[in-house]
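See below for the structure under consideration.
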Amino acid sequence: MLNTESNIASPDDFYEELIDLHRDLTDEQSALVNAKLILLLANHIGDMEVLRAAMAAAREDVAAKPGTTLQSEPR
């Protein structure tokens with residue numbers, strides 16, 4: 001079962017480190033780091049049911065609906 005409740009002891013510290021991970025990277029390098037991080041964490045989780053639920057939750061409300069555009073947030 002996918003846990004979507006806050007589960008990180010220091011979420012602000014995690015977010016700061018996540019931002020630092022991308023500092024000084026090109027867009028392509030940043031995308032590669034994200035992909036590698038996703039694959040490492042997915043391997044760590046290892047449960048396909050949880051991974052499917054996480055993928056569905058991540059995609060929810062992201063896919064562009066007719067007449068809308070997806071805007072990325074600045075880094």
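Nothing in this text is a laboratory measurement; each read-out follows from the coordinates by a stated rule. Note that the structure is a prediction, hence the values are computed from the model and not measured. FYI the Cβ positions are ideal-geometry reconstructions off the backbone, even for glycines, and counts take in every protein chain you see.
Summary of values
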read-out	value
Computed magnitude of the charge dipole of the chain (debye, nearest 20; Cβ of K, R +1, Cβ of D, E -1)	380 debye
Residue (of H44, L2, A64) at the positive-pole extreme of the chain, dipole from beta-carbon charges	A64
Ellipticity estimate at 222 nm from DSSP helix runs (n ≥ 4, -39,500 (n - 2.57)) divided over the chain, nearest 500	-18500 deg cm²/dmol
